[in-house]
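**Student:** Got a structure for you, written out below as structure tokens; questions coming shortly.
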Amino acid sequence: MAWLTAAKTRAERFNEELTSEIGERRQTEQALRESEERFRSLVESATDGIGFTFEGRIYYANQAALDLIGYPAEEAIGRPIMMVIPPEMQDEENRILRLLAGGERIHHFETVRLTKDGRRIVVSLTVSPIKDDEGRITGISKIARDITELKRNEEARLKLESQLQQVRKME
């Protein structure tokens, strides 16, 4: 009978440990869900366009990114990223990939992108690799800010300054 009591004690201890592990796992899973929701909320509420590409295709784009390029999600997700890059600039994406593969991040890279209606917009891009647990690049994260109006204003300011200098030379 002593062996039966010992077995029962071991079974009870095992059950307690198992219950504790299950509880811990549930807490961890809940914390992970809450963390993912905070991240999703942060990305979705950003005013800059944020997108992820995988194997050259748009995997995710927040609403600001979709508004920037003028595509609804159902027309953008899964499509090649090249659809928003002007034909004469498509080698730029390969240069970015090479820099990322070399361990570099790209900060505030000014370039041009195409909208669905064919307009060209000037954007400032920040590009970072998305890596797996072993450090391999599995995707690319891009943050885009439309600076078209800023560039127009800068050009207008420079033109006015040039005109002012011409007027001063005439005096």
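The values are calculated or read from the model by the stated rules, or taken from the named source; none is laboratory data. Keep in mind that this is a model prediction, so the values were computed, not measured. Every residue, glycine as well, gets a Cβ built from its backbone with ideal geometry; the counts of neighbours run over all protein chains shown. In case anyone asks, the SASA skips ligands and DNA or RNA and just uses the protein heavy atoms, side chains included. Shrake-Rupley method; radii C 1.70, N 1.55, O 1.52, S 1.80 Å.
**Student:** Go through region 107-131 residue by residue and tally those that are of a type outside the set (S, T, N, Q) and touching a Lys or Arg at 6+ places or on another chain (Cβ under 9 Å).
**Tutor:** Qualifying residue count for the region: 12.
**Student:** All but one of (1) open to solvent by less than 100 Å² (accessible area, probe 1.4 Å); (2) without any contact (Cβ under 8 Å) to a residue 60 or more places away in the chain; (3) more than 24 Å from GLY70 (Cβ to Cβ) hold for GLN165; which doesn't?
**Tutor:** Every listed condition holds for GLN165 apart from (1).
**Student:** Do you know which of the residues in region 86-115 that are part of a loop (DSSP other than H, G, I, E, B) and modelled with pLDDT of 95 or more is farthest from THR138 (Cα to Cα)?
**Tutor:** Checking each candidate, the answer is THR115.
**Student:** It is to be established whether one or more residues within region 32-43 are assigned to a helix (DSSP H, G or I), of a type in the set (Asp, Glu) and loosely packed, with under 10 Cβ neighbours inside 10 Å.
**Tutor:** no
**Student:** Go through region 116-158 and give me each residue that's of a type outside the set (D, E, K, R), open to solvent by less than 100 Å² (accessible area, probe 1.4 Å) and in a helix (DSSP H, G or I).
**Tutor:** The answer is THR148, ASN153, ALA156, LEU158.
**Student:** Considering region 56-77 alone, what residues qualify as being outside any helix (DSSP H, G or I), free of Cβ contacts under 8 Å to residues at least 24 places away in the same chain and open to solvent by 40 Å² or more (accessible area, probe 1.4 Å)?
**Tutor:** TYR60, PRO72, ILE77
**Student:** Looking at (1) touching a His at 6+ places or on another chain (Cβ under 9 Å); (2) without any contact (Cβ under 8 Å) to a residue 24 or more places away in the chain; (3) not hydroxyl-bearing (Ser, Thr, Tyr), which is the one condition that is false for ARG145?
**Tutor:** (2)
**Student:** Now, a different point. Based on this model, can you work out whether ALA64 counts as of a type in the set (Gly, Ala, Ser) and out of contact with any Leu (no Cβ under 9 Å at 6 or more places or on another chain)?
**Tutor:** yes
**Student:** Taking VAL122, is it touching a strand residue (DSSP E or B) at 6+ places or on another chain (Cβ under 7 Å) and farther than 14 Å from LYS142 by Cα?
**Tutor:** Criteria met by VAL122.
**Student:** Further, regarding this structure: So GLU171 fits all but one of (1) over 24 Å from ASN62 (Cβ atoms); (2) of a type in the set (D, E, K, R); (3) surrounded by 10 or more Cβ atoms within 10 Å (Cβ to Cβ); what number is the exception?
**Tutor:** It fails just one condition, (3).
**Student:** Can you name every residue in region 19-31 that is open to solvent by 90 Å² or more (accessible area, probe 1.4 Å) and either touching a residue at least 60 places away in the same chain (Cβ under 8 Å) or acidic (Asp, Glu) (or both)?
**Tutor:** Within region 19-31, GLU21, GLU24 meet the criteria.
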